[in-house]
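First the structure, in the form of structure tokens, and then the observations on it.
We did not get these values from a lab; they are worked out from the coordinates using the rules stated. Everything numeric in this text was worked out from a predicted model, so none of it was measured. Here Cβ is always computed from backbone atoms with ideal geometry, including for glycine, and neighbour counts include all displayed protein chains.
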Amino acid sequence: MTILTLTLNPALDRYVAIPRLEPSRKLHCDHVETSPGGGGINVARAVHRLGGAATAIVACGGSAGVWLRDLLRAEGVVVVPITTTAITREDLTVTELSSGQQYRFVLPGATLERHELERCVAEVLSRLDPRPIVVISGSLPEGVEPGQLAELVTEIRHHCGRAVVDTSGAALVAAADAGAYLLKPSVNELAELTERRLSNVGEIAAAASELLEAGPNEAVLVSLAAAGALLVHRGETPVMVKPPSVPVISALGAGDSLVAGVVLSLERGAQLVEAVRYGVACGTAAVTAAGHTLCSGHDVEALLPDVVVSPAALADQTRLSSPR
């Protein structure tokens, strides 16, 4: 069994710090760091940090794309770069030292040409061995339609693979219609999709069930920030997976660490509920780490005994605190 990740809209993530964010002044930054970014990329990085192996298929171009590729290889991640005409974007995260607040500036991705997308898809399909796990994570760049994502999800299912899709909006709807093994929206993404305010467990579980039934999907995992995650699994009782309370240093990479833990645990033979429990421990470990280091195996193992799984009835009116 193998883990593949596909990132169509990657970025070089630049991290800086300033004493205070102020208008109309030159703000001199410090603590400058650069790392490869994008949903599937971060999942592959986190899998590697947890002692597993994942192959990251990445559409990237220009000098920024080469830098991104080299950074991944320096971390020991197996990367398959699909060279694009457009230059890979850069994103910026600014930490205001006086308040501890983080400001995240996300630039639009460049257009992905049709033949470039076809090469990405062909690379995924060429690597499908029996029961692969394929993580499709992040936003779709210009030039890629939701229907094209749906076609890939369908192909993966027909090859007996398991597609894990972490995206939002129309792309998430298309993946749900096609039928993924696991859909992973955040509660905010699910609320935007349903155009409803989801403020308690029952409402979230009901909305997740609607998404599940949109197509031949196996499960929906809704990330709930500090409250953990809610799993709606076809034919099973929905469950809440709650982490222990921890100090939050940085929320960067928490969702990607959650997905990484789930797919690595599945690849190692765990059942889905236990895989989600491990994933929640990974996401929680990520928020306790400074900067953008994702989760570490040592922190995950320390947190795992305190991650609790409990039934979540559709009628449950328990209110959740506001997501981070």
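Here are the numbers for the structure shown:
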| item | result |
| --- | --- |
| Share antiparallel - DSSP beta bridges, the chain, percent rounded to 5 | 40 |
| Cα gyration tensor, the range 36-112 - rounded (a/c under 1.5), prolate or oblate | oblate |
| Share, in percent, of DSSP beta bridges within the range 166-238 that are antiparallel, nearest 5 | 60 |
| Ordering of 129-137, 100-108 by packing [mean C-beta count within 10 Å, highest first] | 129-137, 100-108 |
| Per-residue [θ]222 nm for the chain (sum of -39500 (n - 2.57) over DSSP H runs n ≥ 4, rounded to 500) | -11000 deg cm²/dmol |
| With 5 Å bins from 0: P(r) over the range 109-171, alpha-carbon pairs, percent | 4, 17, 29, 27, 16, 6, 1 |
| Most fluctuating residue given options L212, L172, L303, as computed from a GNM of the chain linking Cα atoms under 10 Å | L303 |
| H233, H159 arranged by Cβ crowding within 10 Å, fewest neighbours leading | H159, H233 |
| Global form of the range 166-251, assessed from the alpha-carbon gyration tensor, a/c cut-off 1.5 | prolate |
| Over the chain - Rg/Rh using Cα atoms and the Kirkwood inverse-distance radius | 0.95 |
| 19 Å tail of the calculated P(r), the range 240-306, as % of Cα pairs | 21 |
| Pairwise centroid distance, computed over Cα atoms, of the range 131-178 with the range 31-88, Å | 20 |
| Of T95, A74, S168, farthest towards positive along the dipole that unit charges on Lys, Arg, Asp, Glu beta carbons give the range 69-184 | A74 |
| Which of T194, V241, L221, positive extreme of dipole for the range 168-318 (C-beta unit charges) | V241 |
| With eigenvalues of the C-alpha gyration tensor scaled by 5 and rooted, the range 1-150, Å | 30, 18, 13 |
| The range 1-143, relative contact order in percent, only Cα pairs under 8 angstrom and at least six apart counted | 35 |
| Shape of the range 90-238, Cα gyration tensor, a/c cut at 1.5 | oblate |
| Order of L27, L71, L266 - criterion: other Cβ atoms within 10 Å of each residue's Cβ, fewest first | L27, L71, L266 |
| Positive-end residue of G253, S139, S24, charge dipole of the chain with Cβ unit charges | S24 |
| Cα pair distances exceeding 15 angstrom across the range 1-80, given as percent | 59 |
